[in-house]
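Report on the structure given below.
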């Protein structure tokens with residue numbers, strides 16, 4: 001009895017093994033995989049320049065773009081676009097193009113079609129080289145290459161759409177910054193005008209320096225005349241016409257000095273005037289700085305507007321999608337050892353289960 005059971009298991013093993021191989025060879029659908037290596041490149045960095053100038057950290061970095069591409073690949077929108085061009089719904093429901101265990105019915109839900117589509121896509125990002133390995137599985141070795149090319153085209157299209165959305169958002173933000181900066185610059189200009197009106201001079205810093213220089217020269221002239229007057233008065237009568245003339249001139253110069261100082265200082269002292277000059281100089285420097293910054297922001301604002309009219313990002317194909325010669329499935333080198341292992345394990349399990357049952361009967 002045990003000998004007969006042994007032969008039955010051996011025969012069962014070869015029958016099942018043969019039937020599986022027979023199905024794989026004559027009835028299974030051969031699938032091919034086309035692969036490509038791509039990377040994302042940015043043609044310019046106007047957005048980054050503008051962000052840096054405004055003190056904003058730009059989040060539109062490389063890893064974010066990669067993540068965005070990966071999400072787009074798994075989206076229903078992406079499947080619809082590929083399906084529209086290559087009729088994938090009919091492909092996934094066709095007996096001719098699919099094995100019985102993976103074929104979908106025509107009444108399948110859209111999520112089932114999307115999941116089936118995702119099984120045929122392989123996306124792998126290599127952070128060391130900033131490259132993406134993208135592949136697709138299909139039953140036509142020529143068409144699978146065309147599908148993969150179209151998928152890469154859609155990815156490039158999508159990343160530029162996302163980029164333009166980001167640019168529009170940032171343009172809106174920068175436009176707000178421009179309005180605020182215009183108001184700020186106008187306030188500085190008004191403060192400068194108020195200074196000019198208050199002192200009735202165009203440039204307090206420059207004009208005050210001139211007035212101080214005039215007073216300094218007057219003081220020097222007064223000092224020289226005073227020394228001359230004292231020297232002459234030591235041996236001349238104070239009624240002497242020349243001495244009286246010097247005395248009168250000296251008084252006039254002192255009066256002129258007081259008048260200039262009164263006009264210049266008013267009720268302020270010299271330290272107050274220095275503070276006024278410093279404040280005015282600070283306003284002038286601030287106005288100059290803000291005007292330069294405003295001009296640079298406007299320049300980059302215009303560049304960003306131009307970016308909306310072009311594709312600033314692109315996908316560089318390092319390795320073109322290939323036309324596969326070797327089938328991806330069935331791969332007999334992998335399938336046969338695995339099939340042998342599964343069948344042996346399955347049959348041995350049944351065999352030992354029957355032996356245990358026989359022993360209990362005895």
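The values are calculated or read from the model by the stated rules, or taken from the named source; none is laboratory data. Since the model is a prediction, treat every value here as computed from it, not as a measurement. Every residue, glycine among them, receives a Cβ derived from its backbone with ideal geometry; neighbour counts consider all protein chains shown.
Overview of results
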| read-out | value |
| --- | --- |
| Selected residue (only one of 163, 126 is assigned by TED's automatic domain parsing to the domain that holds residue 39, farther than 18 Å from residue 81 by Cβ and under 17 Å from the mean Cα position of the chain (by Cα)) | 163 |
| Filter result for residue 192 (under 30 Å from residue 73 (Cα atoms) and in contact (Cβ under 8 Å) with a residue 24 or more places away in the chain) | no |
| Residue that is farthest from residue 226 (Cα to Cα) [pool: residues in the range 236-247 that are in a helix (DSSP H, G or I) and in contact with a helix residue (DSSP H, G or I) (Cβ under 8 Å, 6 or more places away or on another chain)] | 242 |
| Residues that are in a helix (DSSP H, G or I) and touching a helix residue (DSSP H, G or I) at 6+ places or on another chain (Cβ under 6 Å), drawn from the range 89-100 | 89, 92 |
| Subset of the range 126-149 (residues that are assigned to a helix (DSSP H, G or I) and under 24 Å from residue 103 (Cα atoms)) | 143, 144, 145, 146, 147, 148 |
| Some residue of the range 282-300 being under 21 Å from residue 170 (Cα atoms), modelled with pLDDT under 85 and touching a helix residue (DSSP H, G or I) at 6+ places or on another chain (Cβ under 9 Å) | yes |
| Residue in the range 198-208 that is in a helix (DSSP H, G or I), surrounded by 11 or more Cβ atoms within 10 Å (Cβ to Cβ) and at pLDDT 80 or above present | no |
| Answer residue from the range 321-336, given it is surrounded by 15 or more Cβ atoms within 10 Å (Cβ to Cβ) and closer than 16 Å to residue 37 by Cβ and is modelled with the lowest pLDDT among those | 324 |
| Unique match (being touching a helix residue (DSSP H, G or I) at 6+ places or on another chain (Cβ under 7 Å), at pLDDT 80 or above and more than 24 Å from residue 289 (Cα to Cα)) among 250, 232, 255, 223 | 250 |
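Here is a yes/no grid of residues against (1) at negative phi; (2) touching a residue at least 60 places away in the same chain (Cβ under 8 Å); (3) surrounded by fewer than 16 Cβ atoms within 10 Å (Cβ to Cβ):
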{"residue": "102", "(1), (2), (3)": "yes, no, yes"}
{"residue": "110", "(1), (2), (3)": "yes, no, yes"}
{"residue": "113", "(1), (2), (3)": "yes, no, no"}
{"residue": "117", "(1), (2), (3)": "yes, no, no"}
{"residue": "121", "(1), (2), (3)": "yes, no, no"}
{"residue": "124", "(1), (2), (3)": "yes, no, yes"}
{"residue": "133", "(1), (2), (3)": "yes, yes, yes"}
{"residue": "139", "(1), (2), (3)": "yes, yes, no"}
{"residue": "142", "(1), (2), (3)": "yes, yes, yes"}
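Table: residues versus (1) modelled with pLDDT of 90 or more; (2) in contact with a strand residue (DSSP E or B) (Cβ under 8 Å, 6 or more places away or on another chain); (3) in the same structural domain as residue 297 (by TED's automatic domain parsing); (4) not in a helix (DSSP H, G or I).
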site	(1), (2), (3), (4)
24	no, no, no, no
35	yes, yes, no, yes
47	no, no, no, no
69	yes, yes, no, no
102	no, no, no, yes
106	no, no, no, yes
115	yes, no, no, no
